[in-house]
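Notes to accompany the following structure.
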Amino acid sequence: MHFSGNLLILESDAQLRTTLETILSFLGYSCQSGELADCLSYFSSDDESADVCVLGDLGSEAKASELLRDHADTPFIFVSEPEDQAILKASNYMGHLSGKPDYDEIVSLLHFCQSFNTMKTLRRRREGSGNDERYLLKVLRGRGRAITAVRRLIEQVAPTDATVLVLGESGTGKEVVARAIHEISKRRAKPFVPVNCGAIPGELLESELFGHEKGAFTGAFTAHEGRFELAEGGTLFLDEIGDMPLAMQVKLLRVLQERQFSRVGSNKLIKADVRVIAATHQNLEKMVEDGTFRQDLYYRLNVFPINTPPLRERADDIPLLLQSLVQKFGAQEHCTLKFTQSAVETLMQDPWKGNVRELSNLVERLLILHPDEIVDRQDLPPSYRGESLESNPADEREALLDAFSCDDDPDLSDVIAKEAAKHPAPAIAGEADMAGAFAPQLDPNGVSLKDMVADMEKSMIRQALEQSGGVVAKASEILGLRRTTLVEKMKKYGISAQE
């Protein structure tokens, strides 16, 4: 067993002090010990440098009681049992040694100290993050009616132990909601354990949830704690509950009803003090009608439903979400990003089939393509501008002409004309002549507009690189493109600047 941190030994008996220091140093602590007066100087009220204090004879228990009171955030282990009831009831009194220092006894007491310090860290973290409302505003961004209603439901259900069913499309933040419920509940100091029921094969799910004993099945070489045991006292999040096999649904229902279970290969019952939060993107009511989900389990889970709204129903929150995501990924990439009003308004009109997860992926991509730049509407991927190569060929042709504008480059104009000549055919009825630009013509047998556009792009990029001597920045100026856009197209088509 290995521990770490600073440990203070207050003991006047030099031999006992040396023994304790030897054992505790071996366990990993950095020990401070010596004469009593010198040791106390390490223990100032302004800068508590001790993670654990081992307390011996101070002359009177009044001094010991005062020390525990003045340093309430430090766990204390006493060398002998105190008689003062105030000390025994103190929250930072971890216990005492029963006699001659014993390795196992010391390790057990140090575990209590470790738990005390963990709880202290969690408490400080919660105090630093403000109240529950501020926490929810931070993790569930937005001021719209839909997300405000979700925050309100979380605040109402979190203090209880009610089972919660989070419903919503993929990417709407169902796990974020589950974690928020846990973090502002009375179980927040205990574990939050997520399980994706759809990612674990049905034959392994029972062992994963309830654990197994050694030799319970082939390959079970050691005993294994299940997720219910790991989440003891805390919250178990069952994601994609709709993918759980029917056989496992029966066993889960029994645990929810009886609040106890047994490991695979064992008859010993284990009590389960666990709050269950389930989530799914599927329609469980429809699954109940189809016989693929148990009705009794559905009603057991659906005690307090929370519907996470899709992003298209909370478009007004997109500016705030963009700001939050840029801060998050910008810190990772050491850069930032700004959006013009036109770009933001365009994104607010997107259907967002992938919801917040899709928006997150887009922001991360734009940070890579346009670091420390201002992103305008034309910098967004075509699909987010409502454009498609296949949906509107005329618009795509017009965009291509704009991208490869040759007003300032007569030679490039000639090249485009030559490229157009590769596809001779009668002109499209009603098509006006366009001087100095490529006028697409339709072959009687038909053409692949997508391939034609791709060929045009590759040809123009190669010729621009040749004219610029392989200098990508100059080639981008010739083509009227951003340098980052040209680099992206070169990667797409496998074109090297040195070709």
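The values are calculated or read from the model by the stated rules, or taken from the named source; none is laboratory data. Keep in mind that this is a model prediction, so the values were computed, not measured. In this analysis, Cβ positions are derived from the backbone assuming ideal geometry, glycine residues included, and neighbour counts consider all displayed protein chains. Surface accessibility is based on the protein's heavy atoms, side chains included, excluding ligands, DNA and RNA. Shrake-Rupley method; radii C 1.70, N 1.55, O 1.52, S 1.80 Å.
Could you look through the range 293-314, keep only residues that are open to solvent by less than 20 Å² (accessible area, probe 1.4 Å) and of a type in the set (A, V, I, L, M), and pick out the one that is farthest from TYR384 (Cα to Cα)? This residue is LEU297.
From the list GLY198, GLY234, GLY202, the one residue that fits, being of a type in the set (Gly, Ala, Ser) and in contact with a Phe, Trp or Tyr (Cβ under 8 Å, 6 or more places away or on another chain), is GLY234. The selection criterion, being farther than 30 Å from ALA149 by Cα, open to solvent by 60 Å² or more (accessible area, probe 1.4 Å) and charged (D, E, K, R), holds for ASP372. Scanning the range 271-306 for residues that are out of contact with any Asp or Glu (no Cβ under 8 Å at 6 or more places or on another chain), of a type outside the set (S, T, N, Q) and assigned to a helix (DSSP H, G or I) yields LEU284, GLU285, LYS286, MET287, VAL288, GLU289, ASP290, ASP296, LEU297, TYR299, ARG300, LEU301.
Evaluate the following for ASP451: is it at pLDDT below 85, open to solvent by 30 Å² or more (accessible area, probe 1.4 Å), assigned to a loop (DSSP other than H, G, I, E, B) and of a type in the set (D, E, K, R)? Answer is no for this residue. Candidates in the range 242-271 are the residues that are among the aliphatic types (A, V, I, L, M) and open to solvent by 50 Å² or more (accessible area, probe 1.4 Å); of these, the one that is nearest to GLY226 (Cα to Cα) is LEU269. Residue count for the range 159-172 under the criterion of being in contact with a strand residue (DSSP E or B) (Cβ under 9 Å, 6 or more places away or on another chain) and small (Gly, Ala, Ser): the result is 2. The residue that is nearest to the chain's Cα centre (by Cα), among those in the range 74-92 that are open to solvent by 50 Å² or more (accessible area, probe 1.4 Å) and hydrophobic (A, V, I, L, M, F, W, C), is LEU88. If the condition is being open to solvent by 60 Å² or more (accessible area, probe 1.4 Å) and in a loop (DSSP other than H, G, I, E, B), then the range 1-33 contributes MET1, HIS2, SER4, SER12, ASP13.
Every residue, every condition in (1) of a type outside the set (Lys, Arg); (2) assigned to a loop (DSSP other than H, G, I, E, B); (3) touching a residue at least 24 places away in the same chain (Cβ under 8 Å); (4) closer than 20 Å to LEU481 by Cβ, yes or no:
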| site | (1), (2), (3), (4) |
| --- | --- |
| THR346 | yes, no, yes, yes |
| ASP350 | yes, yes, yes, no |
| LEU359 | yes, no, yes, no |
| PRO371 | yes, yes, yes, yes |
| SER383 | yes, no, no, yes |
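In summary, helices (runs of 4 or more DSSP H) completely within the range 168-241 and bearing 3 or more residues that are buried (at least 17 other Cβ atoms within 10 Å of the Cβ) and touching a residue at least 60 places away in the same chain (Cβ under 8 Å) occur at 174-183. Please work out if HIS71 is modelled with pLDDT of 75 or more, farther than 21 Å from LEU16 by Cβ, open to solvent by less than 30 Å² (accessible area, probe 1.4 Å) and within 39 Å of the chain's Cα centre (by Cα). For HIS71, the condition - modelled with pLDDT of 75 or more, farther than 21 Å from LEU16 by Cβ, open to solvent by less than 30 Å² (accessible area, probe 1.4 Å) and within 39 Å of the chain's Cα centre (by Cα) - is met.
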